[in-house]
Every structure is written in structure tokens, then in C-alpha cells.
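Let me begin by presenting the structure, written as C-alpha cells, before commenting on it.
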Amino acid sequence: MSQVFNKELFQNKLSTRWLGKDFEYLKKVDSTNSYLKKIPVEQLNHGMVVLADNQEKGRGQHQKEWVTKPGENLTFTLALKPDRAEGLTLLTLSCALAVANVLQKYSDKSFLLKWPNDIYVDRKKIAGVLTECSFLGPKPEKVLIGIGVNVNQEEFNANDVEQAASLNQITGKKFEREELLANILVRIESLYQSWVNRDTNVHREISRALIGFGDWIRLSVDNEVVEGRYKFLGVNEKGELLVLNEKLELNTYSHEQIRIITGSESISKVR
Ligand code: BTN
């Protein structure tokens, strides 16, 4: 059942210090990321959040579409202006971890992160993050973090390339999106501060939440499976992937085209 997002209810529940205090609700938009991209940086407040009930051209990673039913899910974007130039991959992963941590409160099933920025439960994708940055020299002038969470949607299009799940499907319950968003923003604000402080617990916590952490995995680059097996050690303080090859040499990858193939996934699925 589609419902209009209640901005007042959300604002009453929000207990952040700065994130989402500047909040804009849109009934319909092409994409919340695209909407914020068009706003000049000087008119954009650090911590502004835009949420739309209906995205007509929702975008995912790798030029894919992000299509969800209007009024049933969360589709929103945060505008951040960090002073820190490096470690943006870790920031994206921190937001994915925040979503996973909050969803975890509503179910006993494990919510895990899939490199580089998806959230999975029962081997199905329940949420995704799309980060887009513009730079002024070496400094990011605006970082837009778009987040889509499948909340109350009961059915997904059978043609979806990636198998999708919603919180409703895995719990059998309906959720108040306003409360969920308020909780997610509180957790993101806290992890953002840890990221700013270069708290080493962040990348350790992210590593533990990554699918395949500690396992022998395979890698694919641009959908081509790489020779050999790798021991997956998680991510470092920049959010780069850490693996040991079969000779126990340490390799680091930051390329977003890299995919991790765990034991449970067939290689044909990846190709
Ligand atoms: C992915 O997993 O491919 C990332 C999905 C990101 C979807 C969100 S929904 C809000 C924001 N606006 C968009 O157009 N995309 C992101």
C-alpha cells in the first residue's frame, strides 16, 4: 500500500545534531541524486537530505536503473561537504553499514554488505548506495550519497537482474518509513563522525560485515573471473579491498569494477 511520506512525523522522530535537519520532501522527481547535483554548491547545506516518494529515473551503480514502487520504500540522498579528500569509498561503506545496522534491529537474519556498496539479506539485495562527488582541485566540494532501501514493497519485477528483497518480505510486517529514516540518519551521523576522526574501528566493523570476510574467494574484474583464489581480509582505512593471493602476498584493490565471488555463487552467474 502506497503512502505519502509524513515529513512532520519524520522531523519529530529525528534526533540527529545536524544530518537531515535541512530536509526536503519531494512527491516526484527524476532522481534525488540528479536533483541535488543541479543545486549550486554554495546553496547546498552540509547534511541536507532530500527524499522522494517517487523517482521516475532512479539511478543505480554502473548506469543501471533503480526502480521501486512509489510510496513504499526509502529513496533519498544526503549532501555532504567533507574536508577530508581521501577515504570516500570508506564513507560510502560506512553509510551502507549504517543501513545494515538499523535493518538488523528488525530481524534475526543477517544483513551483510556486498562490496562495493550493497546491503544483502538471504542472498538478496535489500538496499544500495550510489555516491557521486564533484571536486574542486583535490578537495571534494560536494559528496552526494544516494540510498535506496526496499521497505514495504511486497513484490519485485521478475526481470530484475539482481534478486531483490524488502524488509516486508523478510519479516512479514509493514514499517513506518519515517522512523526507519530517522534511525538510519542517526547511525550515519555517528559513523560519519568516526570517519572524520579516522577511527580505525570503522573499517574493522565494515570488514566484519562484508560477505566473504575471512573466506577464500575468487575475484572478477569487469565481469572476467581472475585466475586463482584469494583470502578476503576486508577493507583498509581507505575502504580498499585487501586480499592475500595463494602465495600469501597482500594485494589491494580500489577499482569499483572488482567483484567478489564467494563459494556460494557460481561463476556463470558473474559472467
Ligand atoms: C545501487 O545499488 O545500484 C545503488 C542504488 C542507489 C539508489 C538510490 S535511491 C536514491 C538515490 N537516487 C538515485 O537515483 N539513486 C539513489
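The values are calculated or read from the model by the stated rules, or taken from the named source; none is laboratory data. As the structure is a prediction and not an experimental result, all values here were calculated from the model. FYI the Cβ positions are ideal-geometry reconstructions off the backbone, even for glycines, and counts take in every protein chain you see. What goes into the accessible areas is simple: the full protein's heavy atoms, side chains included, and nothing from ligands, DNA or RNA. Shrake-Rupley method; radii C 1.70, N 1.55, O 1.52, S 1.80 Å.
Say whether the condition of being modelled with pLDDT under 95, among the charged types (D, E, K, R), over 19 Å from residue 121 (Cβ atoms) and not assigned by TED's automatic domain parsing to the domain that holds residue 76 is met by at least one residue in the stretch 136-144.
no
Is it true that residue 205 is on the phi < 0 side of the Ramachandran plot, open to solvent by 20 Å² or more (accessible area, probe 1.4 Å) and in contact (Cβ under 8 Å) with a residue 24 or more places away in the chain?
Working: on the phi < 0 side of the Ramachandran plot: yes; open to solvent by 20 Å² or more (accessible area, probe 1.4 Å): yes; in contact (Cβ under 8 Å) with a residue 24 or more places away in the chain: yes.
Yes; evaluated as a whole, the condition is true for this residue.
Restricting to the stretch 48-98, and then to whatever is assigned to a loop (DSSP other than H, G, I, E, B) and without any contact (Cβ under 8 Å) to a residue 40 or more places away in the chain, can you tell me which residue is nearest to the ligand (Cβ to nearest atom)?
If we take residues in the stretch 48-98 being assigned to a loop (DSSP other than H, G, I, E, B) and without any contact (Cβ under 8 Å) to a residue 40 or more places away in the chain, then 57 is nearest to the ligand (Cβ to nearest atom).
Restricting attention to the stretch 26-47, which residues are of a type outside the set (Asp, Glu), more than 25 Å from residue 256 (Cβ to Cβ) and either open to solvent by less than 10 Å² (accessible area, probe 1.4 Å) or not in a loop (DSSP other than H, G, I, E, B) (or both)?
Correct list: 26, 27, 28, 29, 43, 47.
Can you confirm whether residue 109 is part of a strand (DSSP E or B), farther than 21 Å from residue 195 by Cα and open to solvent by 10 Å² or more (accessible area, probe 1.4 Å)?
Working: part of a strand (DSSP E or B): no; farther than 21 Å from residue 195 by Cα: yes; open to solvent by 10 Å² or more (accessible area, probe 1.4 Å): yes.
Taking the combined requirement at face value, the residue does not satisfy it.
Going through the stretch 112-140 one residue at a time, which ones are more than 18 Å from residue 213 (Cα to Cα), outside any loop (DSSP other than H, G, I, E, B) and away from the ligand (no atom under 13 Å from the Cβ)?
Answer for the stretch 112-140, where residues must be more than 18 Å from residue 213 (Cα to Cα), outside any loop (DSSP other than H, G, I, E, B) and away from the ligand (no atom under 13 Å from the Cβ): 133, 134, 135, 136, 139, 140.
Contact list please: Cβ distance under 6 Å, first residue in the stretch 6-18 and closer than 17 Å to residue 47 by Cα, second residue part of a loop (DSSP other than H, G, I, E, B) and open to solvent by less than 80 Å² (accessible area, probe 1.4 Å), pairs at least six apart or on different chains.
Once the first residue is closer than 17 Å to residue 47 by Cα and sits in the stretch 6-18, its partners that are part of a loop (DSSP other than H, G, I, E, B) and open to solvent by less than 80 Å² (accessible area, probe 1.4 Å) give 14/20; 18/47.
If you go through the stretch 238-265 one residue at a time, how many are in contact with a strand residue (DSSP E or B) (Cβ under 6 Å, 6 or more places away or on another chain) and among the basic types (Lys, Arg)?
Qualifying residue count for the region: 1.
Does residue 155 count as surrounded by fewer than 23 Cβ atoms within 10 Å (Cβ to Cβ) and free of Cβ contacts under 8 Å to residues at least 12 places away in the same chain? Can you show your working first?
On the way: surrounded by fewer than 23 Cβ atoms within 10 Å (Cβ to Cβ): yes; free of Cβ contacts under 8 Å to residues at least 12 places away in the same chain: yes.
For residue 155, the condition - surrounded by fewer than 23 Cβ atoms within 10 Å (Cβ to Cβ) and free of Cβ contacts under 8 Å to residues at least 12 places away in the same chain - is met.
For the stretch 12-25, name all the residues that are open to solvent by less than 80 Å² (accessible area, probe 1.4 Å), closer than 20 Å to residue 35 by Cβ and not aliphatic (A, V, I, L, M). Walk me through it before giving the result.
Filtering the stretch 12-25 for residues open to solvent by less than 80 Å² (accessible area, probe 1.4 Å) gives 13-14, 16, 18-20, 22-25.
Among the residues that remain, those that are also closer than 20 Å to residue 35 by Cβ are: 19-20, 22-25.
20, 22, 23, 24, 25 - these are the residues of the stretch 12-25 that are open to solvent by less than 80 Å² (accessible area, probe 1.4 Å), closer than 20 Å to residue 35 by Cβ and not aliphatic (A, V, I, L, M).
Just for the stretch 224-267: of the residues that are outside any loop (DSSP other than H, G, I, E, B) and open to solvent by 90 Å² or more (accessible area, probe 1.4 Å), which one is modelled with the lowest pLDDT?
Step one: of the stretch 224-267, the residues outside any loop (DSSP other than H, G, I, E, B) are 224-225, 230-235, 241-244, 250-253, 258-261, 267.
Cutting the leftovers down to open to solvent by 90 Å² or more (accessible area, probe 1.4 Å) gives us 224, 250.
Values: 224: 89, 250: 95.
Looking at residues that are outside any loop (DSSP other than H, G, I, E, B) and open to solvent by 90 Å² or more (accessible area, probe 1.4 Å), I get 224.
Within the stretch 212-221, can one find any residue that is under 24 Å from residue 148 (Cα atoms), crowded, with 20+ Cβ neighbours inside 10 Å and either touching a strand residue (DSSP E or B) at 6+ places or on another chain (Cβ under 9 Å) or not hydroxyl-bearing (Ser, Thr, Tyr) (or both)?
Yes, the stretch 212-221 contains at least one residue that is under 24 Å from residue 148 (Cα atoms), crowded, with 20+ Cβ neighbours inside 10 Å and either touching a strand residue (DSSP E or B) at 6+ places or on another chain (Cβ under 9 Å) or not hydroxyl-bearing (Ser, Thr, Tyr) (or both).
Could you list, ordered by first residue, the pairs with Cβ atoms under 9 Å in which the first is in the stretch 164-175 and surrounded by 14 or more Cβ atoms within 10 Å (Cβ to Cβ) and the second is small (Gly, Ala, Ser) and in a loop (DSSP other than H, G, I, E, B), at least 6 apart or interchain?
Close Cβ pairs satisfying both conditions: 167/107; 170/107; 171/107.
Starting from residues that are away from the ligand (no atom under 15 Å from the Cβ) and part of a loop (DSSP other than H, G, I, E, B), keep the ones in the stretch 158-167 and report whichever is modelled with the lowest pLDDT. Working first, answer last.
Within the stretch 158-167, the subset away from the ligand (no atom under 15 Å from the Cβ) is 158-159, 167.
Applying the additional criterion that residues be part of a loop (DSSP other than H, G, I, E, B) yields 158-159.
Numbers: 158: 68, 159: 63.
Result: 159.
Of 186, 143, which residue is touching a Ser or Thr at 6+ places or on another chain (Cβ under 9 Å), part of a helix (DSSP H, G or I) and surrounded by 14 or more Cβ atoms within 10 Å (Cβ to Cβ)?
Working: 143 fails: part of a helix (DSSP H, G or I).
It is 186.
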